[in-house]
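Trainee: The structure under discussion is supplied below as structure tokens; questions concerning it will follow.
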Amino acid sequence: MKRPIVELWGTGCYTPQRAMTNEEFSKRLDTSDQWIVERTGIRERRVAEPNESNACMAKAAAEQLLRRNGLAPSDLDTIILATCSPDRLLPSQACDLQAILGAKSAAAFDVGAACTGFLYGLSVAEGLIAAEQAKTILVVASEKLTSIMDWTDRATAVLFGDGAGATIVRRSTNGRGILASYMRSDGTLAELLYRPGGGGTHPPDEALLKDHSYYIKMAGREVFKAAVLSMADACDHALERAGLVAADIDLLIPHQANTRIIEATAKHAGLPMDKVYVNVDRFGNTSAASIPIALDEAVQCGRLVPGMKLLFVAFGAGFTWASMVVQW
Ligand code: COA
């Protein structure tokens, strides 16, 4: 088994106070709690207040993590932020976080890989440390998806939620850390899950507000099928690269989009559901933030303890998909 170059040092997370139930959607859209629970497993999601920005949530997750590790913001030399719902398009969300966190010594940049962004971010951090370009990297994923979803579209509005999660990546000194990782993409399928308007090809105008093309559009069934296939592929590759089999894995933390996708992924990987961490019922799909929020919960509730082997797997817009085996 490969000796890890980097470890994930501690966790932190933040989710908004306001929990929105499926019943609230059924009052404004043609949907029901029963439909949403049966098709997605989601019961409620957290919704940020209008003045609660992506940067605020990222800061809260980062500060909790830094406090737990006894670090100051000035100890960070790099901030990598994964998001697809930034507060503004320029500059990066990471630079806004760097400013409000007061991380004066840190380089800062975003990773744009949608729901796979946290795993992409961890891999980039591993590379920077291996190349001796950085020592203490904050990898944070933060999403305010409720600001880019179409509240009138029942096929997408019921799926998403807000929140942030974070970890520190540093050189491994004790055999703990990333054992293997795998990243892929297929941009030919981009238009199955995307935001058509608001960028250079369709700059903001009145038509854009009318046709809602500023918001997330998704071909749900096609995305579902691609997610199941891609996450299965990713689990196989990460295990193979780590020289491990399913029985070696103590906990699977998948991207939390839909319980049916999670169950299909676990089944393919040969892992029973009692080895799978699921919180999509309480948070919905928080895109890049879903894995670090689940990771933090798993650590805080004692489900994940040192010595365990962990498998992460994610899939998202792009399409992008990735996986990682970690010695915790
Ligand atoms: N409430 C009630 N009915 C709904 C609905 C809702 N919230 N959303 C869609 N429907 C309807 C559709 O309009 C359709 O009606 P029709 O048959 O009259 O046309 C019917 O349900 C079936 O739609 P379909 O999209 O085929 O349903 P599905 O079983 O595939 O479930 C999703 C829809 C979105 C839950 C599912 O496709 C999914 O989870 N896809 C992946 C989404 C995802 O994870 N995206 C992010 C990836 S990171």
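Trainee: With respect to LYS104, determine if the residue is touching a Leu at 6+ places or on another chain (Cβ under 7 Å) and open to solvent by 30 Å² or more (accessible area, probe 1.4 Å).
Mentor: No; evaluated as a whole, the condition is false for this residue.
Trainee: Among LEU76, LEU29, LEU89, LEU71, which is the only one that is surrounded by 24 or more Cβ atoms within 10 Å (Cβ to Cβ) and either hydrophobic (A, V, I, L, M, F, W, C) or more than 16 Å from the ligand (Cβ to nearest atom) (or both)?
Mentor: The conditions single out LEU76.
Trainee: Would you please name the residue that is nearest to the ligand (Cβ to nearest atom), looking only at residues in the stretch 213-237 that are open to solvent by 40 Å² or more (accessible area, probe 1.4 Å), modelled with pLDDT of 95 or more and in contact with a Leu (Cβ under 7 Å, 6 or more places away or on another chain)?
Mentor: By that ranking, first place goes to MET218.
Trainee: Take the residues in the stretch 112-125 that are buried (at least 24 other Cβ atoms within 10 Å of the Cβ) and not hydrophobic (A, V, I, L, M, F, W, C); name whichever of them is nearest to PHE319 (Cα to Cα).
Mentor: Per the criteria, the residue is THR116.
Trainee: So, one more: Looking at the stretch 169-222 only, could you name the residues that are aliphatic (A, V, I, L, M) and over 23 Å from the mean Cα position of the chain (by Cα)?
Mentor: Of the stretch 169-222, the ones aliphatic (A, V, I, L, M) are 169, 178-180, 183, 189-190, 192-193, 207-209, 216, 218-219.
The answer is ALA207, LEU208, LEU209.
Trainee: When you go through (1) within 15 Å of the ligand (Cβ to nearest atom); (2) aromatic (Phe, Trp, Tyr); (3) more than 27 Å from ARG18 (Cα to Cα); (4) open to solvent by 50 Å² or more (accessible area, probe 1.4 Å) one by one for PHE109, which number turns out not to apply?
Mentor: Every listed condition holds for PHE109 apart from (1).
The values are calculated or read from the model by the stated rules, or taken from the named source; none is laboratory data. Please read these numbers as outputs of a predicted model, since none were measured by experiment. Note: ideal-geometry Cβ built from the backbone for every residue, glycine included; neighbour counts use all protein chains shown. Calculation scope for accessible area: heavy atoms of the full protein, side chains included, ligands and nucleic acids excluded. Shrake-Rupley method; radii C 1.70, N 1.55, O 1.52, S 1.80 Å.
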